[in-house]
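Peer 1: Handing you this structure, nothing more for now.
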Amino acid sequence: MLWDTFDPDEYIKRNYLEIQSVDREILTRVRDHFRDHFGKDGGRVGSGIDVGAGPNLYPALAMLPWCDRITLLERSESNLRYLRSQLSGYDANWDQFWEVLKSGDDDEGQAYAELGTDPRVRFKEAVQEPVAGSLFDLCSGAERWDLGTMFFVAESITTSLDEFRRGVGCFMSALNPGAPFAAAFMEHSEGYRVGSQEFPARDIDRAEVTSALKDYAEGVSIHRMANPKQLVREGYTGMILACGRRKH
Ligand SMILES: C[S@@+](CC[C@H](N)C(=O)[O-])C[C@H]1O[C@@H](n2cnc3c(N)ncnc32)[C@H](O)[C@@H]1O
């Protein structure tokens, strides 16, 4: 299966070994969105999900103060192996991402800082054994989550516009009414390479993201990041971050 050939080490080397300014910006916006939603008094919900987690722990880190349990859903066996290897103590490169979450003025990063000096303890408690499965099965499944993230998945697993839309719909369908979410997308991606393996992508833009979310989301803010100096990955024109809530 194509997704089992995904090489987590190569992907991390290219994207997440050294934090990039675009990920810093995404993380800051996601942190602020969750903080604004849950208030400054440390409100917390039961469950969060990161869909298509791959070898990226920062969406889960962003959810850490806000929910008791975190599900990592992933299709690729190699990425599942990587995720399992991180549960009992994640690698040092993720510390840079945690630093962004707990920084900021006044109380911006307070909920993160309050988790103590070693977030690995909370990560180990909250993050469940990664689940092997597909985004597209979330539509038909009965389980619902109170908080959700999906980073570079719906547009980065297919060339089909219909599948992209269905993927966004399935992600949103997995959330309880009112649940806050953050979803990130590559803009106008032509596909991407991890090591020597090519992966497909659907060329989408801000209008397409807005339209795919329309029936499912409320309070949506969409931010496009397109500083040419930040184009760390090839064959795309920028990144799009959508933050909002599942419609009631
Ligand atoms: C471009 S990577 C993004 C990984 C990670 N979320 C990130 O932010 O870097 C796409 C991920 O989607 C996973 N994937 C592919 N098909 C999937 C599906 N049907 N359901 C869930 N995840 C899938 C891949 O294995 C891969 O980990």
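Peer 1: Check the chain and count each lysine pair with an alpha-carbon distance under 22 angstrom, considering only pairs eight or more places apart or from different chains. Walk me through the intermediate numbers first.
Peer 2: On the way: 13/229; 40/102; 102/124; 214/247.
Step by step, the pairs that qualify in the chain add up to 4.
Peer 1: Need one number: nm distance between label points at residue 24 and residue 69, each 7 Å from Cα along Cα→Cβ, rounded to one decimal.
Peer 2: Computed distance between label sites residue 24 and residue 69 equals 3.7 nm.
Peer 1: Charges on Cβ only, +1 for Lys and Arg, -1 for Asp and Glu, centred on the Cα centroid of the stretch 120-248; of 152, 121, 141, which one is farthest towards the dipole's positive end?
Peer 2: With unit charges placed on the Cβ atoms, the residue in question is 121.
Peer 1: With charges set only on the Cβ (+1 for Lys and Arg, -1 for Asp and Glu), what does the dipole of the stretch 121-181 come to about its Cα centre, in debye to the nearest 20?
Peer 2: Working: 5 positive and 8 negative charges, 27 e Å.
Roughly 140 debye, rounded to the nearest 20.
Peer 1: With point charges of +1 on the Cβ of Lys and Arg and -1 on the Cβ of Asp and Glu, referenced to the Cα centre of the chain, which listed residue (188, 240, 66) lies farthest in the positive direction of the dipole?
Peer 2: 66
Peer 1: Report the calculated FRET efficiency for residue 2 and residue 103 (r = Cβ-Cβ distance, R0 = 35 Å), to the nearest 0.05. Don't skip to the end; give the middle numbers.
Peer 2: Working: r = 38 Å, r/R0 = 1.08.
Given R0 = 35 Å and the Cβ-Cβ separation, E is 0.40.
Peer 1: For the chain, modelled as a Gaussian network with Cα springs under 10 Å, which listed residue fluctuates most, 107, 50, 205?
Peer 2: Of the options given, 107 has the highest mean-square fluctuation.
Peer 1: Also, quick follow-up: At q = 0.11, 0.17 Å⁻¹, what is the base-10 log of I(q)/I(0) for the stretch 81-227 according to the Debye formula with one equal point scatterer per Cα and no solvent? Please give it to two decimals.
Peer 2: Debye curve over Cα of the stretch 81-227, log10 I(q)/I(0) at q = 0.11, 0.17 Å⁻¹: -0.54, -1.25.
Peer 1: Find out how many positive minus negative residues lie around residue 167, taking Lys and Arg as positive, Asp and Glu as negative, among other residues whose Cβ is under 13 Å from that of residue 167. Can you show the working numbers first?
Peer 2: Numbers: positive: 75, 165, 166, 202; negative: 137, 155, 162, 163, 208.
Result for the neighbourhood of residue 167: -1.
Peer 1: Give the residue list of trypsin sites (Lys or Arg not before Pro) in the stretch 144-248 that are DSSP loop and have at most 12 other beta-carbon atoms within 10 angstrom.
Peer 2: Values: sites: 144, 165, 166, 193, 202, 206, 214, 224, 229, 233, 245, 246, 247; in loops: 144, 202, 214, 233, 247.
Sites meeting the loop and neighbour criteria: 214.
Peer 1: Pairing rule first: another cysteine's C-beta must sit under 4.7 Å. Under that rule, which cysteines of the chain stay single?
Peer 2: Result for the chain is 67, 243, no neighbouring Cys Cβ within the cutoff.
Peer 1: Name the GluC sites (Glu not before Pro) in the stretch 122-183 that are in a loop by DSSP and that have at most 15 other C-beta atoms within 10 Å, would you? Don't skip to the end; give the middle numbers.
Peer 2: Numbers: sites: 125, 143, 155, 163; in loops: 143, 155.
For GluC sites (Glu not before Pro) across the stretch 122-183 that sit outside H, G, I, E and B with at most 15 neighbouring Cβ atoms in 10 Å, the list reads 143.
No value in this document is a laboratory result; all are computed from the given coordinates. Keep in mind the model is a prediction, meaning the values are calculated, not measured. We place every Cβ from the backbone using ideal geometry, glycine too, and count neighbours over all the protein chains shown.
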